[in-house]
Amino acid sequence: MIPLIKSTFHNEKSTKKELIKFIQKADYLSFGKECKKFERKFARYQGRDHCVFVNSGSSANLALIQALLNMGKIKKGDKVGFSALTWSTNAMPAIQLGLDTVPIDVELDTLNVSSSKLLKVLKKYNLKVVFITNLLGFCDDLDEIKKICDERKIILIEDNCEALGTVYKGKKLGNFGLASTFSFYVGHHMSTIEGGSICTDSNALATALGLVRAHGWDRNLSEGKQRKIREKFKVNSTFYSRYTFYDLGYNLRPTEINGFIGNQQVKYLDEIVKKRKDNFIKFAKNLYSNPNYYPIRYDHIDLISNFAVPIICKSKKIRDELVEKCNGKVEIRPIVGGDISQQPFFIKYMNKYLENNANANLIHEQGLYFGNNPELTSKEINLILKIFTN
Ligand SMILES: Cc1ncc(COP(=O)(O)O)c(C=O)c1O
């Protein structure tokens, strides 16, 4: 069986060895200097001014929505547009925090939201935020989407949990909106076992995220930022400042173990991305022109970085036959959460936005993906190709 994921870490053996040594000599293991070091390294990798490290990609999405609320950039009842084809915890935080979530259908040939799909939704709804998902390492015309959002003063944020490393029009995905979120869950591009982050160039947003991540207090902010916030709220006593809670928050902190692993793994990120890109090109060249499948367009993207390869069959029958053929040989999954607006939680809480997302639906009904990990051998790649081209 060719699994979706082969190991928890890249260079697993040496990473585990280093981790054991680190744990044995560490003075403490809760959020500290390893996490902060990782934030600096990841921000540099992504090309953003700030990175806020949290304990999962889902937490990153929750923290980002909460921070925008705390800052007064959005308010309860505002409408958030999101990609119909995505993961549950992309849409859930907005619902949990009292916002309305409006699905935007995706294009069949990119699996992602395009400017024309966004414009269609904007004719009907006044969106305050577009929380786009860069699904499976792909994107559509994200530069045009950014233009539309800028012109209409819509806040664009990106869920980049599935596209770390992809480059579009010379820019890494995750750098088109005000902020972007990442997942470091096992099986995503880079693993800290569990983990996630939010990247942004906004100093004010990074400060708000720092409070949201840890109880609403200022302890993990820089000294300068602490001084400012304490002055603003007239907190003069060092005794009480440690127990002053400035705004709504959670405990979404990662541990030093996650930070240490992140610092080890980020070194391999370019290598990981290159291997996944090379694998993807081999699959795409052989599979996306197959008459049994819908072609997926990627020539507009400079560098594709994904952890799974999607296949959209021309009929449900073809997909079901593939599922049979893969049984016991290749591990496969449906395409992420399918049309999220068809999921029970969405119908329960957001039934006024049950649009017809025809493409997201078709992708759910006729699609599947198999893993694209950096440890795939040529033999395994050939076996997958054989199953999917016969
Ligand atoms: C698009 C997207 N957003 C968010 C998440 C949540 O990330 P995590 O599993 O780290 O909570 C995932 C998880 O797979 C995802 O695919």
Any hit, region 243-258, residues being over 30 Å from the mean Cα position of the chain (by Cα), within 22 Å of Lys33 (Cα to Cα) and without any contact (Cβ under 8 Å) to a residue 60 or more places away in the chain: yes
Matching option when the condition is in contact with a strand residue (DSSP E or B) (Cβ under 7 Å, 6 or more places away or on another chain), in the same structural domain as Asp278 (by TED's automatic domain parsing) and either farther than 16 Å from Phe138 by Cα or at pLDDT 95 or above (or both), among Gly328, Gly371: Gly371
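Which ones in region 210-228 are part of a loop (DSSP other than H, G, I, E, B) and touching a Leu at 6+ places or on another chain (Cβ under 9 Å)? Can you show your working first?
At the first step, the residues of region 210-228 found to be part of a loop (DSSP other than H, G, I, E, B) are 215-222.
If the condition is that a residue be part of a loop (DSSP other than H, G, I, E, B) and touching a Leu at 6+ places or on another chain (Cβ under 9 Å), then Gly216, Trp217, Asp218, Asn220, Leu221 are the ones that fit.
Would you point out which residue out of Ile157, Ile193 is at pLDDT 95 or above, touching a Phe, Trp or Tyr at 6+ places or on another chain (Cβ under 6 Å) and within 29 Å of Gln265 (Cα to Cα)?
Numbers: Ile193 fails: touching a Phe, Trp or Tyr at 6+ places or on another chain (Cβ under 6 Å).
None of the others qualify; the one that does is Ile157.
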Helices (runs of 4 or more DSSP H) contained in region 287-390 and holding at least 1 residues under 27 Å from the mean Cα position of the chain (by Cα), surrounded by fewer than 15 Cβ atoms within 10 Å (Cβ to Cβ) and not charged (D, E, K, R): 316-326, 344-349, 358-366
Any helices (runs of 4 or more DSSP H) falling wholly within region 5-86 and containing at least 3 residues that are away from the ligand (no atom under 16 Å from the Cβ) and open to solvent by 50 Å² or more (accessible area, probe 1.4 Å): 12-25, 33-46
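Looking at region 333-351, which of its residues are more than 16 Å from the ligand (Cβ to nearest atom) and without any contact (Cβ under 8 Å) to a residue 60 or more places away in the chain?
First, the residues of region 333-351 that are more than 16 Å from the ligand (Cβ to nearest atom): 342, 344, 347-351.
Within region 333-351, Gln342, Pro344, Ile347, Lys348, Asn351 meet the criteria.
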Those residues of region 26-53 which are touching a residue at least 60 places away in the same chain (Cβ under 8 Å), closer than 21 Å to Lys172 by Cα and either basic (Lys, Arg) or in contact with a helix residue (DSSP H, G or I) (Cβ under 9 Å, 6 or more places away or on another chain) (or both), in sequence order: Phe38, Glu39, Lys41, Phe42, Tyr45, Arg48, Asp49, His50, Cys51, Val52, Phe53
Every residue from region 247-269 that is open to solvent by 30 Å² or more (accessible area, probe 1.4 Å), part of a helix (DSSP H, G or I) and closer than 20 Å to Gly210 by Cβ: none
Hits in region 217-242 - residues which are at pLDDT 95 or above, of a type in the set (Phe, Trp, Tyr) and open to solvent by 80 Å² or more (accessible area, probe 1.4 Å): Phe233
Some residue of region 364-381 being touching a Leu at 6+ places or on another chain (Cβ under 9 Å) and among the small types (Gly, Ala, Ser): yes
Filter pass, Asp78 being modelled with pLDDT under 95 and farther than 30 Å from Val309 by Cβ: no
Meets criteria (among the basic types (Lys, Arg) and within 27 Å of Asp218 (Cα to Cα)) for Lys234: yes
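The values are calculated or read from the model by the stated rules, or taken from the named source; none is laboratory data. Source: prediction; values computed, not measured. No Cβ is skipped: glycine too gets one built from the backbone with ideal geometry, and neighbour counts run over all protein chains shown. Ligands, DNA and RNA are stripped out before the accessible areas are found, and what is left, the full protein with its side chains, is counted by its heavy atoms. Shrake-Rupley method; radii C 1.70, N 1.55, O 1.52, S 1.80 Å.
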